[in-house]
Amino acid sequence: MECVVLAAGEGKRMRPLTTKRPKVMLPLVNRPMIEHLVISAREAGIKDFVFVVGYHEQEIRKHLMDGSPFGVNIRYVTQRRQRGTADALAAAENLISGRFLMLNGDMIIESDDIRDICTCAAPCMGVTPSTHPQDFGVVTVDGSVVTGLVEKSETPPGNLINAGVYLFDLEIFEKLSLLELSERGELELTDALSDYINSRSLTAFSLSSWMDVGEPWDILDANKSMLSDLEPEIKGEIEDFVTITGPVVLGEGSVILAGTCIEGPCIIGSGCKIGPHAYIRGSTAIGDNCHIGHCTEIKNSVIFPGTKIPHFNYVGDSVIGSGCNFGAGTKIANLRHDHGHVKVSGRDTGRKKFGAVVGDLVQFGINCSINVGSVIGSGVKVAPGSSVEGHISGDTIIGR
């Protein structure tokens, strides 16, 4: 069976992390989320993929290539303009030969679910319950038959949502060709499903496990979940007087210096220098070529490659882009005094603890303070002793 993966979008809600990379290339457990999706599908027996790419597509092509490094075959088609999910799927029509699976590229799904939905009759839609169904398309069912689909309603008719997993046959392309632009000016795949729903021919498949990665804080949740079954592997060097509890993965060429304490699960990439006397707490992922230095504490965070946090720093519950540098004493707050939910650019994270979203190549001077829920754009430069909060646009210079 062939699998179409929609990976053309930017992921605007993920900015500034998507300034120079597509959303599907954001790292989870030190690998792009799209790689995890390919591996799950491969383990379910799928070997032939068609990737619909667009925004910064070279990043996907460079990483996945023709699929051979991952034991699969990948072909690409470019969606020239972002005109919706139906337009993206239609772009793949000439590369599909029969019944096929379609996956949104920004989710985590188990191989068993992929294998099982492939045994269903087409058309079929993967569904899953959600605690916040108002953020998704909500599905109503009669037994296993889909009877309705309501897009992002403030008063959803239930908690069962469309998970972005479909099994189609070639008939779907005929329906796509008849679509008109929606109110958003896009060609919506969900509009093409209306005929199936009206004829009661679209069935629902309940997924056993599914994670959507749509907001920056979802990266932390997905990373924590995927680290929960981490198998320890040490390829780097660990000096004497280092304390490690729980499973830890340490990449080649990395070194853990004396006095450092690491609480797993934790993954550290290749070419990293950790310590001396650093404290790395659970559910943290540190990318390749990072430096976490003397008396620095990192807690439940995702650090992209090439970032330096070297002296007396604290980073909690945050997502930090690549190539950043933290001056000595710079810290990120992660808890409101009233213990209420942290909001990011007006959006409720649903979390009592959340620090900041920091883009790529951000430079902090010494003794900077970053408040909870801050978003700092790529290329921002922050002068020593500055206090930062709210949303800071890219390439801004803060302070003197």
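Computed from the coordinates by the stated procedures, all read-outs in this text should not be read as laboratory data. The shown structure was predicted, so the numbers you read here are calculated from the model rather than taken from an experiment. Every residue, glycine among them, receives a Cβ derived from its backbone with ideal geometry; neighbour counts consider all protein chains shown.
Quick notes
- Linear extension gain, E389 paired with S208, 0.36 nm per residue minus alpha-carbon span: 61.3 nm
- The range 2-214 shape via C-alpha gyration tensor axes, a/c threshold 1.5: rounded
- Under 5 Å, built H, 5+ apart or other chain: amide partners of I392: V375, I376, G377
- Taking the square roots of five times each eigenvalue of the Cα gyration tensor of the chain, the equivalent ellipsoid has semi-axes of 39, 23, 19 Å, listed largest first.
- Only lysines eight or more places from K331 in sequence, or on another chain, were considered; those with a Cα closer than 16 Å are K299, K308, K353, K381.
- For peptides 279-287, 93-101, sequence by mean Cβ density within 10 Å, most packed first: 279-287, 93-101
- Under the Debye formula (equal points on every Cα, no solvent term), log10 I(q)/I(0) of the range 31-112 at q = 0.15, 0.19 Å⁻¹: -0.52, -0.87
- Here's the list of lysines a cross-link from K47 could span, going by alpha-carbon distance under 25 Å and ignoring same-chain residues fewer than 8 apart: K23, K62.
- For the range 225-398, fraction of C-alpha pairs farther apart than 24 Å, in %: 33 percent
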